[in-house]
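Visitor: The structure's right below; bear with me while I get my questions together.
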């Protein structure tokens, strides 16, 4: 009976080709004369297997998938042939699989496996979303050429939904349609029609199980997950699952840091409130609050217990916090306020500590901090890698870690900071590595891995001013090598690698205005000591009216020539961040009916000696500092000509006699402080002060080196030399004049005293080696006076506003600000209120502006 049913079933199967294929039983090719008996299966030896129909797949690989080979014994018809088809279908690569018996020779069978591959993906079109979103998704959906099957469709849908869910679009729908590729019959084009819907916001967050922590407190411990309230300014109001997972862990960490070491999230539920919002319910377990108990030290031979206790700064009865404990043991940074820095700054490179909880008594945790000091290590070799352009010596001479010195973590971090301040490397990728740690002789090698970045800059700009167009071309090479100036093979396009700076700049509007300048600086004169050397020269011409027609009522003329030399060195006391520079400059002025100074005709010489003491301790990128300070104190003066020039100032000398040699002394103080706030926010505060004085009260005030306040702070081409230009956003350029004066922004000769205060809140948008972009909000105030009797540092012109800075290595710093000046300037009605300010090639964030 069973045999009879078996025969009927396989007779029906032989009629239906599709069913026959699915069962995997072989059929005969028309050329075959032998037959298989379904009533009497027989074991055959496989004489050969031929796979046909392949287009992209390897036949040998497919043969391995069938799990049968030439010479194997196979019962036909039988289960083994059905398994061949099943094994191939498992791969999800085929649209059809058939097995044919091409020849039977006694007990030998020859098989043909005919397959039809599933179509492949030739193109995936994303429809209904922005171009930037398409570009992001295409990077994640790199599936071109893959088999179009259920797995591919599901994977594509999952990736798209996850991408938009991370952006707050939880209701995104995707409709994927298939169509043949007209250029390839075995390929398909997928059209994914995407509807993001609206972003899903968080309506409310509630908690269960909390007793000591209020709901409001726990909400604050979710740093980025915020409800849709007007007062939640910085947190995201969108629900993002990955961000929510991170926030839950952050909340638990904060609870544990407050002594609740057993705190955890038991469960959480995200429920739909309406189509656009969700409610979140979090069930927490607080546990009891723990405190530090007895703290014992073992393994410490270098430092006694009481000294380590003072560095640890944790006492019995303090709230227990593993995070605080770890920071005090090994996370305090280079300042030396943690146990790790104490040892690592003294050569103990392999130092390690292990805090072991020896007992928990109620709410008190006893600790035994086990210390492994190890030997002291001495630096053997110091090398730098990755500097493809900059010469080794330019980096090595700046390092604070020298061969023969004990290993010092603080010196290692300081060296890394200095490398970043050079400006030739990506400071985010500089990585110092101790290698070849040899415990036998107590030596270690240091490798500083750096990544070069473009440092040269070009300034190409044009603008209108004074009724004329002014074009500017400036080139600055920040890694110049003058010693190779005659070696043509080192031109790439100019000789580079020695850390010198060469700057050439020109401005012109034709015959009416021209300005050309040249500066070269070497930070290590002679190459052996950090002696700074700089030489500069410039020439400027400004005129109006007919150039040679002095009878023209609009005629005026100004020619200024100058040259300067600077020598300075880095100091070792109070620390190596101090720099002392001395400069000697000669400026020659030739004025003919020229406004803007205290005299308008004649020739004048300004021979000045300048001493500048500065300290730069900025942390982070020089483009976007996140901590530290930059302080500069400047003294400048000329010889006291009035003591020996023989002029009688009681009788009015001529202007030529009064101003032939300019006489003055000048004091300036500039300081910046940077403080890192929560997240990526940084606060910059700045104070600036300047005073221009006289040796002899009978002698006239200096017509040059005066202070001009207001505007963007850029050197306007009308007054490029002879004045200090200080920006004050929210006011027109040079519009801040002393109270009671009759000057305006055009004929302002400058003032003898100024001060300025600035407060900025900064946040980076892009921070990389190729570009830096940050936004800022500012409040500042400043004013000018001509006499100390009028000076009042609190009487300032105030302004607030917002702005942006873009730093591109080739162009330098570009800035755009909008400021609102609150205080009107008498006689200049347009000086304040809303003002836009644009700056180019301005000082970096660490500079004074």
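Visitor: For segment 629-743, report the convex hull volume of the alpha-carbon atoms normalised per residue, in Å³, without decimals.
Guide: Normalising the Cα hull of segment 629-743 by residue number yields 146 Å³.
Visitor: Evaluate the distance, in nm, between pseudo-label points positioned 7 Å from the Cα of residue 67 and of residue 573 along their respective Cα→Cβ axes.
Guide: For the pair residue 67/residue 573, the computed spacing is 8.5 nm.
Visitor: Now, a different point. May I ask you to list the residues of segment 148-184 whose amide nitrogen lies under 17 Å from a point 7 Å from Cα along the Cα→beta-carbon direction of residue 275?
Guide: Of the residues in segment 148-184, 169-174 have backbone N under 17 Å from the label point off residue 275.
Visitor: Ranked from highest to lowest mean number of other Cβ atoms within 10 Å per residue, what is the order of the peptides 417-426, 526-535, 749-758?
Guide: Per-residue Cβ counts within 10 Å, averaged per peptide and sorted highest first, yield 749-758, 417-426, 526-535.
Visitor: Sticking with this one: In nanometres, what is the gap between the two model label sites at residue 117 and residue 171, each 7 Å from Cα along Cα-to-Cβ?
Guide: About 4.3 nm separates the two model spin labels.
Visitor: Please work out the FRET efficiency for the pair residue 671 and residue 356, using the Cβ-Cβ distance as r and a Förster radius of 45 Å; give the result to the nearest 0.05.
Guide: That pair, residue 671 with residue 356, gives E of 0.45.
Visitor: Among 460, 494, 412, rank each residue by its count of other Cβ atoms within 10 Å, from fewest to most, as a rough exposure measure.
Guide: Arranged by neighbour count, lowest to highest, 460, 494, 412 become 460, 494, 412.
Visitor: Quick one: of the DSSP bridges fully inside segment 291-372, what percent are antiparallel, nearest 5?
Guide: 60 percent
Visitor: Right, here's the next one. Run the numbers on the chain and let me know its relative contact order in percent, using alpha-carbon pairs under 8 Å that are six or more apart.
Guide: Averaging sequence separation for qualifying contacts and normalising by length gives 5 percent for the chain.
Visitor: Assuming 0.36 nm per residue, please report the length gained on full extension of the stretch residue 146 to residue 830 beyond their Cα-Cα distance.
Guide: 239.6 nm
Visitor: I'd like the FRET efficiency for residue 456 and residue 393, computed as 1/(1 + (r/R0)^6) with the beta carbon distance as r and R0 of 25 Å, rounded to 0.05.
Guide: Once the sixth-power term is evaluated, E becomes 0.80.
Visitor: Then there is this: Relative contact order for segment 378-449: what percent, with Cα pairs under 8 Å and sequence separation of 6 or more?
Guide: Worked out over segment 378-449, it gives 39 percent.
Visitor: Grab the Cα-Cα distance for residue 406 and residue 770, subtract it from 0.36 nm times how many residues apart they are, and report the gain in nm with one decimal.
Guide: Length gained between residue 406 and residue 770: 127.4 nm.
Visitor: OK, next. Where does helix 2-15 land angle-wise versus the long Cα axis of the chain, in degrees 0 to 90, nearest 10?
Guide: 50 degrees
Visitor: Please compute the alpha carbon radius of gyration of the chain, then divide it by the globular-protein estimate 2.2 N^0.38 Å. Two decimals is fine.
Guide: For the chain, the normalised Cα radius of gyration is 1.39.
Visitor: How far, in nm, would the chain grow between residue 323 and residue 186 when pulled straight, counting 0.36 nm per residue and subtracting the alpha carbon separation?
Guide: My answer for the length gained is 43.4 nm.
Visitor: Going 7 Å from the Cα of residue 525 in the Cα-to-Cβ direction, what parts of segment 390-413 have a backbone nitrogen less than 16 Å from that spot?
Guide: Flagged as within label range: none.
Visitor: Only Cα pairs under 8 Å and at least 6 apart count here; give the relative contact order of segment 239-312 as a rounded whole percent.
Guide: Computed value for segment 239-312: 24 percent relative contact order.
Visitor: To the nearest 500 deg cm²/dmol, what mean residue ellipticity at 222 nm is calculated for the chain from DSSP H runs of n ≥ 4 alone, each contributing -39,500 (n - 2.57), summed and divided by the residues?
Guide: Using -39500 (n - 2.57) per qualifying helix, the result is -4500 deg cm²/dmol.
Visitor: Over the chain, what is the percentage of antiparallel beta bridges among all DSSP beta bridges, to the nearest 5?
Guide: Roughly 85 percent of the beta bridges in the chain run antiparallel, per DSSP.
Visitor: If I take R0 = 41 Å and measure r between the Cβ atoms of residue 512 and residue 449 in this structure, what FRET efficiency does the formula 1/(1 + (r/R0)^6) give, to the nearest 0.05?
Guide: For residue 512 and residue 449, the calculated efficiency is 0.20.
Visitor: Follow-up question, since we're still on this one. Along Cα→Cβ, 7 Å out, is where each label goes; now give me the distance between the ones at residue 89 and residue 838 in nm to one decimal.
Guide: In this crude spin-label approximation the distance works out to 7.0 nm.
Visitor: For segment 620-849, what is the convex hull (Cα atoms) projected area averaged across all directions, in square nanometres?
Guide: 13.8 nm²
The numbers here are math on the coordinates, done by the rules we state, and not lab data. Keep in mind that this is a model prediction, so the values were computed, not measured. Backbone-built Cβ (ideal geometry, glycine too); neighbour counts: all protein chains shown.
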